[in-house]
Amino acid sequence: MMRRAFIAAGFALAALTSGLATPALAADAPPPVTAQDHILGRANAPVTVIEYASFTCSHCADFHNTVLPAFKAKYIDTGKVRLVHRNLPTPPANLAAAAAVVAMCAAPERYFDVAAVFMRDQAGLRVTGPQPWFAAGIAASGKTRDQIQACMETPAGRTALDQQIEGADKAGVTGTPTFFVNGTMVMDHSLEALSAAIDPLLR
């Protein structure tokens, strides 16, 4: 039953991944946060942390599975930080891009639910193959398979993902996960490293 959705996803994402940008040599600030971004936390939090991540990146999964719960309790739930999640597909980029578009096609309030499922189940991809992985993500999306498929066939998903890739390229992102704490790049995803960048901004 899932085969039709994945065939459609494959066609849609062949185009998505064909023009993945190469890393820029000159870095700039990441694009400002807009209503199109996916955000955890209060809009008026004093610190903004922008995360560039890939759903097929093991270090990204490590952050989401082992660091994010404590980070969320310490900073997001207390209103100190808003976390902005942006996508930068890494190999296998076709799977990462497909997962990114599934998450972006989800009901708005379900984006991070889908992200959590993809990160949680990422380690099993080599064993199970992509179909159960995508099925679990779609199940968390708040939409039907047909709705997700229809969304993935529109240009909107490609445009949104292209913009995130372009923004990462211009900001000099060369790997995932990469964080920007109020515009300053942090490449260590440990709670200690992120705290060292965030805490001085809260004093």
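No value in this document is a laboratory result; all are computed from the given coordinates. Small disclaimer: the values here were computed from a predicted structure and weren't measured. All Cβ positions, even for glycine, are placed from backbone atoms using ideal geometry, and neighbour counts span all protein chains on display.
Hey, what angle do you get for helix 3-18 against the long axis of the chain, alpha-carbon based, 0 to 90 degrees rounded to 10?
Once rounded, one gets 50 degrees.
Could you pull the Cα extents of region 90-203 along its three principal axes, largest to smallest, in whole Å?
Principal-axis extents of the Cα atoms in region 90-203, largest first: 48, 31, 27 Å.
How far is helix 155-170 tilted off the main Cα axis of the chain, in degrees rounded to 10, range 0 to 90?
Here the helix axis deviates by roughly 40 degrees.
Quick one: Karplus J couplings for region 141-148, per residue in order, coefficients 6.51, -1.76, 1.60, θ = phi - 60°, nearest Hz, x for Gly and Pro?
After applying 6.51 cos²θ - 1.76 cosθ + 1.60, I find 7, x, 10, 7, 4, 5, 5, 5 Hz.
Would you work out which of Ile76, Thr144, Val101 lies farthest towards the positive end of the dipole of the chain, given +1 charges on the beta-carbon of Lys and Arg and -1 on that of Asp and Glu, about the Cα centre?
Thr144
Relative contact order for region 73-168: what percent, with Cα pairs under 8 Å and sequence separation of 6 or more?
Rounded, it is 34 percent for region 73-168.
Charges at C-beta only: +1 for Lys and Arg, -1 for Asp and Glu. How large is the resulting dipole of the chain about its Cα centre, in Debye rounded to 20?
Computed about the Cα centre, the dipole is about 380 debye.
Could you work out how much longer the chain between Ala139 and Glu109 gets when fully extended? Use 0.36 nm per residue separation minus the Cα distance between them, nm to one decimal.
9.4 nm
Using Stokes-Einstein with the Kirkwood hydrodynamic radius over Cα pairs, what translational diffusion coefficient do you get for the chain at 4 °C and a viscosity of 1.567 mPa s, in µm²/s rounded to a whole number?
The Stokes-Einstein estimate is 76 µm²/s.
Neighbour counts of other C-beta atoms within 10 Å: give me Glu153, Glu192, Glu51 arranged from fewest to most.
Exposure proxy ranking, most exposed first: Glu192, Glu153, Glu51.
To the nearest 0.05, how large is the calculated FRET efficiency for Asp146 and Thr34 if R₀ is 22 Å and r is the Cβ-Cβ distance?
Efficiency, rounded to the nearest 0.05: 0.15.
Between Asn182 and Glu153, 0.36 nm times their residue separation minus their Cα-Cα distance comes to what?
Difference between extended and current length: 7.0 nm.
Multiplying the sequence separation of Arg126 and Lys72 by 0.36 nm and subtracting their Cα-Cα distance, what value in nm do you get?
16.5 nm
Per residue of the chain, what 222 nm ellipticity follows from adding -39500 (n - 2.57) for every DSSP H run with n ≥ 4, rounded to the nearest 500?
-14500 deg cm²/dmol
Please list, in chain and number order, the residues 5+ apart from His38 or on another chain whose amide H is under 5 Å from its amide H, with Hs placed from the backbone.
Long-range HN contacts for His38: His85.
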